[in-house]
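Visitor: The structure is given below, and queries will be raised subsequently.
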Amino acid sequence: MKKFKYILVLALLLVPVSSISAANDVTLDAAINIELTSPAMTLVLASGSTFSTMTVTASTVAITLSAGGSITLSSVDAYTLTNDKSADISCPGSGQNSSVAYSTAGTITFTPTTVKCYGSSGSTSGGTVTSNPPSSGGGTPAPPTSPANESTGAGEITSNIGAGAAGNLGAVTIKGINALMGNGATGSFTLSGATGGATGGHSLKVQNITGNQATITVSSEALVFTLVAGNSKNVDIDGDGYRDAKVTLNRIVDSKADVTVKEIKVVKIDGTAPGSLVKIASKTAVYYLGEDSQRYVFPNEKVYYSWYDNFNGVKTISDEDMAKLPIGGLVTYRPGTRMVIFATTVDVYAVTQGGVLRKLKDEAMAAELYGANWNQHIDDVNEAFYSSYSFSSDLTSSAEYNQETQKTFSPTITADKSI
């Protein structure tokens, strides 16, 4: 079966980062970031790691090692690196990385959780936490932090509202507040308005706590959405098109939702609105203005033209106004428009919503999706942008991917990135 033969020659000429041995092992000359989306987190595979293959999905990392291979995978957030080989999890403590070093031939699959490793002790389903943070006196590990006192979000829990009860969450700031809320619990809160967002009183209600997800209603006017633990949602409370607050469901613990609410700094610039394309007079770079008051970078013209036909709608703003807009990330290819390939692989991918890539099986599948000239619908993606994408399961049939349906799922960059 043909396997994109014309690309293989090009790829082997463009291998600046990793060295490939006769056994097809990969040795990393520099650490790489691995982005997971469910739950959202960044893992780091250490420089010097040697392995045969790696497969990344929305929630797992599977790495195959041949004899003599070794890897070190770490989390800068000290998340628990659950794995199917019961490999020990090194966890020095709060503010330090958690990590797993592994050197046994075979495949190890990591399914990390957003539970901090130093909040655990002893054996877990995916390995043993080898150390907890020491107490200030040294020698004896500090006891795990009580779930009632510390959130996995942004610090101390300030409100604990029982099932069906109502309470006051207080004033929400950019730093955020944390609350444990039972099923049917309602908490009232205020936004300062100092960031330019919604003012006045609002409420947050937690319902339908099931497994690791909950339905959350934020109102003045009700905004209802369901979050899986570890995920967040930016919400527009006053309906002006700008996101005012970020709601994160950290975890479900003791039948309560551990929720963090943070105020978003709203930036409004004359002549623009969320979804505008903006630039400054002295530069050619164009940015997408998100509803979260951040600007998103087009890494090159190819990505830009996957979303727009021309530059007619670009607005020029002052240097001062541009400086007010923090960079939110890179824009990825619009789903359904182009296939992509990275320089150090022969694999070709179809793009789905949120920059999630699915590997094509062979040339025949590419031709079924993009026609006889399928090889003219592939763009090289610079490895510097690797972490802007994530990976899902391989396509086993062309029926699993419809270009027009994919475009419908991502009509705008806001929809594609779930801003």
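Visitor: Please give the per residue volume of the convex hull enclosing the alpha carbon atoms of the range 233-329, rounded to a whole number of Å³.
Guide: It is 125 Å³ per residue.
Visitor: A further question on this structure: Would you mind checking the pairs 315/407; 262/324; 116/265 and listing those with alpha carbons more than 21 angstrom apart?
Guide: With Cα atoms farther than 21 Å apart: 315/407; 116/265.
Visitor: I would also like to ask the following. Expressed as a fraction of 2.2 N^0.38 Å, the rule-of-thumb size for a compact globular protein of N residues, what is the C-alpha radius of gyration of the range 279-419?
Guide: Rg over 2.2 N^0.38 Å, computed on Cα atoms: 1.11.
Visitor: When only C-alpha pairs under 8 Å and at least 6 residues apart count, what is the relative contact order of the range 314-388, in percent?
Guide: 30
Any read-out appearing in this document is the output of simple, stated calculations on the displayed coordinates, not a laboratory observation. Note that the structure is a prediction, hence the values are computed from the model and not measured.
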